[in-house]
Amino acid sequence: MRFLRCVHAEFLLVLPRLTRTRLGMVLLSLGATLVWLSAHGLDPLAAILQAGALGAIVAAVEIVGPEDDRAAFATALTHPTTSIAVATGRCISIVLPAAALALGCAVAVGRHFGTALAGLATAAAVGGCAMAVVLLLGNTAALALFLFMTVAGTIAPERLVALAQPGVVRLTAASALELGPALWHYRDIATGDLDALVHALAWSGLGILLASALITRRIHR
């Protein structure tokens, strides 16, 4: 029960961040852009997946990226809580607005339940990954992740490897797409692929565990 109270305390960060910072406006702008693109040729499912992924990265930057927030971890752990509870609460704070954005895009483009679930799973997977990336490498790495998801996130790795001369960079990108949170893989959730759903949930959980370890390491440095 104490764990849930601690998670809830961290989760309460999401509302003031949405209303008092640029996070809310950025997410609304991102959603409007993706809906517009889906009406002008972008695959609607790709738009929903991008909403979940890009929304999660933006939220991670705002919720765990500022230096004040990182400094607050030490204060938080002086209370009866744990780093895993802090990381879980922060992850929920990141995933919830991204999931709402994906759901809003699904409704706007008129897609069915399966595509909405794919967007929610994508938000959870990328949210966990982005939280760990931001805590470890900072906001610059989040920008790189944002661009990677935008440009290559929906491309199957086989398409990169099949090139006549893929090169080291393309092979590295293909490996990242195969192992990491992959929008091309999460498309299959819309058609009921449980393996893809488990992959997304596993990345969300892994992100929480990595973030917990990073928070602990930061405090004891």
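Overview of results
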read-out: Test: residue in the stretch 139-150 that is modelled with pLDDT under 80 and either under 26 Å from residue 65 (Cβ atoms) or within 15 Å of the chain's Cα centre (by Cα) (or both); value: no
read-out: Residue that is nearest to residue 94 (Cα to Cα), among those in the stretch 29-56 that are aliphatic (A, V, I, L, M), more than 16 Å from the chain's Cα centre (by Cα) and surrounded by fewer than 19 Cβ atoms within 10 Å (Cβ to Cβ); value: 32
read-out: Close pairs from the stretch 21-43: first farther than 18 Å from residue 107 by Cβ and at pLDDT below 95, partner assigned to a loop (DSSP other than H, G, I, E, B) and hydrophobic (A, V, I, L, M, F, W, C), Cβ under 9 Å, at least 6 apart; value: none
read-out: Close pairs (7 angstrom Cβ cut-off, 6 or more residues apart or separate chains): closer than 15 Å to residue 212 by Cβ in the stretch 1-14, at pLDDT below 75 anywhere; value: 6/81
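The values are calculated or read from the model by the stated rules, or taken from the named source; none is laboratory data. This is a predicted model, so every value here is computed, not measured. Cβ atoms come from the backbone with ideal geometry, glycine included; neighbour counts cover every protein chain shown.
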